[in-house]
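A short worksheet on the structure shown next.
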Amino acid sequence: MHTLKKNRPLRRIVLASAATVSGMVLLLSLKPHTTPAVAGLASSPAPSSSSGASSGTAGSDGTTGSDGSSGSAATGTRSLTGDSVQTRWGPVQVRVTLKDGKLTDVTAVTYPQENPRDQQINAYAIPQLTREALTAQSADIDTVSGATYTSDGYRQSLQSALDSASG
């Protein structure tokens with residue numbers, strides 16, 4: 001009987017160790033669910049590349065047409081795309097619409113949406129940043145708590161779009 005009691009603790013230790021190692025291997029090989037990110041990424045580059053092309057033409061129109069005067073800007077509606085700003089969690093880029101020199105729309109063209117947590121944070125942060133930008137009529141907006149990197153990238157891209165509109 002004494003021999004059996006010695007084998008049981010050793011057997012339990014070996015089985016517990018094997019289960020722990022197996023569990024760690026499975027945990028480390030687990031990848032986050034990426035199906036929504038693939039769908040989000042498929043739709044993101046299309047507006048980004050088309051807006052990038054329109055950004056070049058709008059930017060050149062803004063540079064040669066307005067020369068910093070509000071008279072030329074007051075003649076119509078223009079859409080300008082800001083620089084793509086690389087943040088810790090991914091690029092952020094916005095497109096602005098100016099009508100008669102006034103900011104009428106801000107759209108986040110590219111923003112972090114690689115995983116469900118990014119999507120959750122930015123589903124809350126992007127509309128809030130847009131509202132603040134339209135209210136402030138500038139890039140002088142507050143950072144959204146919990147979305148600091150996205151807020152900083154949004155603000156920088158917005159400022160670059162507004163800069164290209166003014167001169």
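Observations, loosely collected:
- Sequence of ILE13, ILE121 when ordered by accessible area, the most exposed leading, probe 1.4 angstrom: ILE13, ILE121
- Full extension of the chain between ARG12 and ALA136 gives 38.0 nm of extra length, using 0.36 nm per residue less the Cα-Cα distance.
- Mean Cβ neighbour count within 10 Å, used as a protection proxy, ranking 133-141, 155-163 highest first: 155-163, 133-141
- Largest first, the extents of the alpha carbon coordinates of the range 75-162 on the three principal axes equal 42, 20, 17 Å.
The values are calculated or read from the model by the stated rules, or taken from the named source; none is laboratory data. Here the structure is a predicted model, which means the values were calculated and not measured. Every residue, glycine as well, gets a Cβ built from its backbone with ideal geometry; the counts of neighbours run over all protein chains shown. The accessibility values were calculated without ligands, DNA or RNA, using every heavy atom of the protein model including side chains. Shrake-Rupley method; radii C 1.70, N 1.55, O 1.52, S 1.80 Å.
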